Each structure stands twice: as structure tokens, then as C-alpha cells.
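The structure appears right after this line, and notes come after that.
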Amino acid sequence: MAFLIRDSKPEEFETLWRIDQECFPPGIAYSRQELRVYMRRRSAFTLVAEGKIDGGISGFIVACGGPVGHIITIDVIAAARRSGLGSLLLRAAEDRLQAAGSRAVGLETAVDNTGALSFYKRHGYSVINTSPRYYSNGVDALVLRKEMRLPHKAVLSG
């Protein structure tokens, strides 16, 4: 599968919200209002993955910038899972966060979401804390963080 990663468009909100509802169980999936608030934050951006063949949205990521960037959500439709799309979205968001000055990136995932935990650990994230009853259904969250590597600078010798 080939994907184009691009900024989301306002008219895609309902599609993104429906994808979020499919990706997460009730109590963890965002309400329309919650997702809209996160996407409209001043330092937030939303990247979508569009299939190069069919043009449909196969996934998206919402992130917020700052000294410690934050991944709000990463969602990939069932048909596109295990294709590398989640990794592609995460790397694109991390690159944008780092370019904007983030020195680290944090996120939360449900303690019982072992697939997500494995995914994030493969990408260099470490569990730093637990947040009790983080989700509206009472499930605890693991708080993860990744320190960003400084960009390599060319050294000129004279």
C-alpha cells in the first residue's frame, strides 16, 4: 500500500471522527467535541494518510507542539493495519514536532492496549508513569515519553 501524508482539511472532520470510533472502544474513543477541541488547539496539527490509489483516508494522527510534544491520537483503519502506516504517521508527526522545537514527545495509552504499547516501545518510547482512571471508562493510562535526538549538524573542517 502506498500513502500520501498530508495536513487534514476541515471538511474531513466527520470522517476522522468515524475512524476514531472504529479504532477505539467506548470510553477511550473521543467524542466529537473532544476530538474537535484537540484538533483546534493552537499548537495542534492533524496529518492524514491518503491512499495513493483510491484517495481514501486510511489513518490519521493528531499532535500538539511544545517543548515536549504530545501525540493525542493515532488511528489506522483495520484494512491498513500492519502495513507500516502507523509508523509512517508517527515518524511524520515526530519530524514536524522536532522541527518546531520539541525536545521530547509524550503520549498516553490504555494499560490494557498491549498492541499499542509494543508499537510505541518499538519506536523508542518508554513508560514513565501511570495515570489512574485516565479514560472516561475508568481505565488507567500508561504515560510514555521519547527523547528526540538532536539533528546531525555538518562539521566543516578548514
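Worth a mention:
- Overall form of the range 2-50 per C-alpha gyration tensor (a/c, 1.5; a/b vs b/c): oblate
- The chain - percent of accessible surface contributed by carbon and sulfur, probe 1.4 Å: 52 percent
- For the chain, lysine pairs with C-alpha atoms less than 30 angstrom apart, excluding pairs fewer than eight positions apart on the same chain, total 5.
- Cα-Cα pairs of the chain separated by more than 26 Å (percent): 26 percent
- Residue-count net charge about Ile77 - beta-carbon cut-off 13 Å; Lys, Arg +1, Asp, Glu -1: -2
- Max mean-square fluctuation residue, GNM over the chain, Cα-Cα springs under 10 Å, options Val62, Val111, Val76: Val111
- Solvent-accessible heavy-atom area per residue, rounded to whole Å², over the chain at 1.4 Å: 59 Å²
- Sorting the segments 80-86, 113-119 by their mean number of nearby beta carbons within 10 angstrom, highest to lowest, gives 80-86, 113-119.
- Relative to the globular-protein estimate of 2.2 N^0.38 Å, the Cα radius of gyration of the range 38-124 stands at 1.08.
- Local charge for Val68 was computed over the other residues whose Cβ lies under 9 Å away, with Lys and Arg +1 and Asp and Glu -1, and equals +2.
The values are calculated or read from the model by the stated rules, or taken from the named source; none is laboratory data. In this text the structure is predicted, and so the values were computed from the model without any measurement. Positions of Cβ are generated from backbone atoms using ideal geometry, with glycine treated the same way; all protein chains shown enter the neighbour counts. SASA here: full protein model, heavy atoms, side chains in, ligands and nucleic acids out. Shrake-Rupley method; radii C 1.70, N 1.55, O 1.52, S 1.80 Å.
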